[in-house]
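The values are calculated or read from the model by the stated rules, or taken from the named source; none is laboratory data. A quick note: this is a predicted structure, and the numbers were derived from the prediction, not measured. In this analysis, Cβ positions are derived from the backbone assuming ideal geometry, glycine residues included, and neighbour counts consider all displayed protein chains.
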Amino acid sequence: MKGFRIREEMNGVEEPPGKTWFWELEAGVIFADRCIQCGTCVAVCPSNSLGVNADSGLPELVKMCTGCSLCWDFCPRGGLRYEALWPPSTPPADAAESPVVVKADAADTYWKLTGGPPGDGLGAVVHSYAVRAGARADDAQDGGVVTAMLLALLAGGDIDGALVSKPSADPDEPWKGIATVATTAKEIVAAAGSFYNQTMALAELDLSRYDLPAKPRLAVIGTPCEIQGIRAMQARRWPTGAHRVDAITLTIALLCTKSFDYEALMLRELRDKRGLDLNRVSKVDVIHGRMIVEYRDGDVAVDEPVKDFHGAALKGCDECADFLGRGADLSIGSVGSMAGWSSVLVRTEAGRLAFERARGRLDVRDLDDPEALLKLDRLDKRVAERTLQRKLDPDAPMFIDFAEHVSCYSGTDRAPVVKER
């Protein structure tokens, strides 16, 4: 990406060798409407040159760019090859044994890239279950598993906090999630539920305003793209400025095919177009290919095919082929389990230990329908493939049944983003 126009406009200034500037990420991803609002570029910047624009919620330059290229290199829609971060897929059932991804030093938060073969089956899976919490938080969705696990890990002293999302305190932003680090059981329970907007979550890894130990241990609940950014940063032992990637000891990916722009979904589509009173809403869910919104009195305000809301979705999500969150320690979502239960894919030793810590709070049985996970994963890959084909040939047809293109989100339920499983 040499010879970017801003340098050409600076008369007499020669382009320094080996430089890639934030302006190139801005042009190729942000201004191109491909940003997925994961916050990786902000977190990875070693000079703390990037921040989040208060109006747009998108990355912006807040001081001089050094041209280090990391914002571009680590962006899931920029230079990152996220599939290279996936551990080898679990071998067939008749193989000698299934691999368990184990770190040589369990206290080391950094990640070793093991490579492919990527994309086979469910990926690296040690165990798979259908799970629900024995006692669910009032606002939890599906099995309430993530909240129950975080409470168990916090009570057991395994983590000092969790990166999740909470409701915005701005009365003009009803049902908008914002990223936060929950450090108490009360804060974790308050984050139970679902949001459907991305929150630039990884930008919240500047922990200076939180009351945490000098060497904190955090769980991160996020969409697959956020986990991709984390794994990429954990695989490189260089400083990431003020953002404490080294503090992340557990990653939980929320099965996800698509996230939404807050204003487009909640304000334009639901409030303005369909006349919803967002202050009366008790639950928003996307399940079985439908967008369902309920009021506190039990009335169903919206029950429509999710394809009706694709205009409000983040366009960059269509390029992602990681519905299953293959690089995480645990992947959790509703697909593949009965109503009221969550599907849990345990992928690493860290994930297994976390699950076992919480097992006493959970009802656990065999996964109901693994094929449902595989089916949606295949569809997600086809969407990504056709989206990239259309970038090369805008006239190419999609040939995708978007009615099947279901979104599965979570919060701490609320991931720094989305919805709980």
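Some values worked out for this structure:
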{"quantity": "Meets criteria (touching a Lys or Arg at 6+ places or on another chain (Cβ under 8 Å) and part of a loop (DSSP other than H, G, I, E, B)) for ALA321", "calculated": "yes"}
{"quantity": "Whichever residue in the range 139-148 is assigned to a helix (DSSP H, G or I) and under 18 Å from the mean Cα position of the chain (by Cα) and, among such residues, is farthest from LEU345 (Cα to Cα)", "calculated": "THR147"}
{"quantity": "The range 72-110: number of residues that are at pLDDT 65 or above and part of a loop (DSSP other than H, G, I, E, B)", "calculated": "15"}
{"quantity": "Subset of the range 194-251 that is among the basic types (Lys, Arg) and within 18 Å of the chain's Cα centre (by Cα) - its residue that is surrounded by the fewest Cβ atoms within 10 Å (Cβ to Cβ)", "calculated": "ARG244"}
{"quantity": "Sole residue being buried (at least 16 other Cβ atoms within 10 Å of the Cβ), within 30 Å of PRO87 (Cα to Cα), acidic (Asp, Glu) and in contact with a Pro (Cβ under 7 Å, 6 or more places away or on another chain), chosen from ASP329, ASP318, ASP322", "calculated": "ASP322"}
{"quantity": "Residue selected from the range 49-71 under the condition in contact with a Phe, Trp or Tyr (Cβ under 8 Å, 6 or more places away or on another chain) and hydrophobic (A, V, I, L, M, F, W, C), by the criterion modelled with the lowest pLDDT", "calculated": "CYS65"}
{"quantity": "Checking GLY161 against (1) without any contact (Cβ under 8 Å) to a residue 60 or more places away in the chain; (2) closer than 22 Å to GLY123 by Cβ, the condition it does not meet", "calculated": "(2)"}
{"quantity": "Residue ID - surrounded by the most Cβ atoms within 10 Å (Cβ to Cβ), chosen from residues in the range 170-186 that are of a type in the set (Gly, Ala, Ser) and under 21 Å from ASP206 (Cβ atoms)", "calculated": "GLY177"}
{"quantity": "Hits in the range 282-316 - residues which are within 24 Å of ASP138 (Cα to Cα), under 24 Å from the mean Cα position of the chain (by Cα) and either at pLDDT 95 or above or β-branched (Val, Ile, Thr) (or both)", "calculated": "VAL284, VAL286, ILE287, ILE292, VAL293"}
{"quantity": "Pair list, Cβ under 6 Å, 6 or more apart: the range 234-250 residue within 18 Å of THR348 (Cα to Cα), other residue small (Gly, Ala, Ser) and surrounded by 18 or more Cβ atoms within 10 Å (Cβ to Cβ)", "calculated": "LEU250/ALA219; LEU250/ALA350; LEU250/ALA354"}
{"quantity": "Subset of the range 36-49 that is farther than 11 Å from CYS225 by Cα and assigned to a loop (DSSP other than H, G, I, E, B) - its residue that is nearest to the chain's Cα centre (by Cα)", "calculated": "CYS45"}
{"quantity": "Test: ILE159 is part of a strand (DSSP E or B) and assigned by TED's automatic domain parsing to the domain that holds ALA203", "calculated": "no"}
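So that you can scan it fast, the table gives a plain yes or no per residue for (1) part of a loop (DSSP other than H, G, I, E, B); (2) over 20 Å from the mean Cα position of the chain (by Cα); (3) not assigned by TED's automatic domain parsing to the domain that holds THR223:
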residue	(1), (2), (3)
ALA124	yes, no, no
LEU150	no, no, no
ASP172	yes, yes, no
ILE188	no, no, no
